[in-house]
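Working notes, structure below.
Where a number appears in this text, it was derived from the coordinates with a stated rule and is not lab data. Keep in mind that what you see is a predicted model, and the values were worked out from it rather than measured. Ideal geometry is used to build each Cβ from the backbone, glycine not excepted, and the neighbour counts take in all protein chains shown.
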Amino acid sequence: MGMLLGCRRALLGIGQDAAANWWEAAGVAPWAAYQPKGAASFAASLTDLTGNGRDAGDPGGGATPGWGAVTGWTFDGIAQYLTTTFVPGVALTQNQSMLIQFTALNASTGVDKLSGVIRSGVNIFGIGEQVGASTIYYNGQTVGTGAPPVAGNLAVAGAQGYRNGAADGGLIGGWSLANGQPIYIGAENNAGVAQFFASYHCTALILYDVTLTAPQVALIAAAIAAL
């Protein structure tokens, strides 16, 4: 995996020093990066590894997800989630990116959101699935192809969804409303209320306030999958 990642960097003109950390593999500065897998504690797992100070938030009580150094965050698909301060789509530019590495995705017959935000019934930004329809949702749209994977990584970058670093399905249409709400992890944020909870282990998640190119998605997908 390391050799493949190094070859990809060389082809893109990205030096080895630029990827001393996995979240730097794409050669683009992330908005925030989280790695609950391998963290020293649940509190440490919330830390934004980029140094930007954009830590994930714990809503507390029954909403607090489980955590383990091997599994990362464990969301129960019932009430557990984490908050962020990442607000996509302020100017309807559709220029943000997100990639989630996960295991043990226990897809329900309904819609589950691994992460996302919705406003007034309009999906803004996020990744979800619906096993009954064998569908992956990118920004709430069923453009993904094939059944949701149990493990791997899913990403959305601008108007394109990605499965394990490769483009998945057609282009995603832009949302029609401006948005002022942040995304949640493990569920979808609907005006400050979590909904469509997903059951899975999140081992790492990265956010960008820019649109990654397809080669950049492939690089970060390879790096995050190697954790």
By Cβ neighbour count within 10 Å, fewest first, Glu24, Glu188 rank Glu24, Glu188
Which of Leu207, Leu46, Leu92 fluctuates most in a GNM of the chain (C-alpha springs under 10 Å)? That residue is Leu92
Assertion target for Tyr200, Tyr138, ordered by fewest C-beta neighbours within 10 angstrom first, is Tyr200, Tyr138
Neighbour-count ranking for Lys37, Lys113 (other C-beta within 10 angstrom, fewest to most) reads Lys37, Lys113
Taking Cα pairs closer than 8 Å and at least 6 residues apart, the relative contact order of the chain in percent is 27
Out of Gly53, Gly161, Gly186, a Gaussian network model of the chain with alpha-carbon springs under 10 Å gives the largest mean-square fluctuation to Gly53
For the chain, the dipole about the Cα centre with charges only on Cβ (Lys and Arg +1, Asp and Glu -1), to the nearest 20 debye, works out at 260
If each K or R counts +1 and each D or E counts -1, the residues other than Ala32 whose Cβ falls under 12 Å of its Cβ total -2
Of the candidate values (i) 9, 37, 40, 14, 1; (ii) 7, 27, 34, 21, 8, 3, 1, 0, 0; (iii) 7, 28, 27, 20, 12, 5, 0, the one computed for P(r) over Cα pairs in 10 Å bins from 0, in percent from this structure is (i)
